[in-house]
Amino acid sequence: MRVALSTALVVLLLPAAATATGSLTISLLDSRSRPVEGTVSATPRAGGAGRSCTTKAGRCVIRALGAGEYRVTARTVRGVTPGAVIATVRDGRAVRARLAVPDAPQATAPPQSAVVASAPSEGATHGGPGQPGTPGVGVREGSLPTTTGLRQSVPRTSPPPVTASGGPRTGMMMSSTSSSTTRDLGRGDHWVIRGSAQDQRSRPVEGSVTISKDGTNLGTVQTSGGSFQVYDLEPGRYHLSFTCVTGQRTARDVTVQSGPAASVRLTIQR
């Protein structure tokens, strides 16, 4: 009876011993020990099907591996394949392996070529290569940079000033409207003109009003909400020219008297 029980226990324990396995923990790190994501495979060196796992935070575990040697390989999500390592799995033990991922090669920028223009010597002309007096390269007027060793070329002559008629002039021409006589007529003590600026649909428009008399510019005022006021003008006839912010213009004459302020409406078409 005792012999039969012993034999039964041995038969039951043998399969348990044969099915004992181990686990393999793989770390996938770069040269700075930073985790790298990818897929890790463990293939038995004795032959047979391999097992794989996907890393999370640079680590994964392959469980239930039979005892033996395994060739551990990996491929990162960027397609980099580190060198393989050999890990030995023993029954009932956890084995660790580390794969070092090489740094991706950095692209080397091609060398930049620099072109240096030689400064022309004294008396040299700015012609093309091979022409008399040329220092070897074609140089245009005013094209040389101002750097150490280079002399900036200056045009020989300057074009004469041109008047409105297109002809040359020899001196400064004083404008008939001197800016020193203009002033802000939107401020003062006596309100002499009250005006409004609007479009053809009676909508207020913004812009500036220039006041002149006998061809002389006296000053300007700016509209606010389409309205404007002019101050401190002597009695007389004045010309008001309005230019709105979109560029349209209109003009009217108004007479200022010593009594109440004159009213004027300026209308533009747009």
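Just a few scattered comments:
- Among the residues of region 189-204, those identified as surrounded by 13 or more Cβ atoms within 10 Å (Cβ to Cβ), more than 13 Å from V254 (Cβ to Cβ) and touching a Leu at 6+ places or on another chain (Cβ under 9 Å) are A197, Q198.
- Residue, nearest to E206 (Cα to Cα), within region 231-245, restricted to residues that are at pLDDT 90 or above and outside any strand (DSSP E or B): V245
- In region 253-270, the residues that are outside any strand (DSSP E or B) and hydroxyl-bearing (S, T, Y): S258
Yes/no per residue for (1) free of Cβ contacts under 8 Å to residues at least 40 places away in the same chain; (2) in contact with a strand residue (DSSP E or B) (Cβ under 8 Å, 6 or more places away or on another chain); (3) in a helix (DSSP H, G or I); (4) surrounded by 15 or more Cβ atoms within 10 Å (Cβ to Cβ):
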| residue | (1), (2), (3), (4) |
| --- | --- |
| L24 | no, yes, no, yes |
| S27 | no, yes, no, yes |
| R32 | yes, no, no, no |
| A42 | no, yes, no, yes |
| A46 | yes, yes, no, no |
| Y70 | no, yes, no, yes |
| A74 | no, yes, no, yes |
| G79 | yes, no, no, no |
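- Residues that are within 15 Å of D184 (Cβ to Cβ), among the charged types (D, E, K, R) and either surrounded by fewer than 20 Cβ atoms within 10 Å (Cβ to Cβ) or within 42 Å of the chain's Cα centre (by Cα) (or both) do not occur anywhere in region 206-223.
The values are calculated or read from the model by the stated rules, or taken from the named source; none is laboratory data. A quick note: this is a predicted structure, and the numbers were derived from the prediction, not measured. Note: ideal-geometry Cβ built from the backbone for every residue, glycine included; neighbour counts use all protein chains shown.
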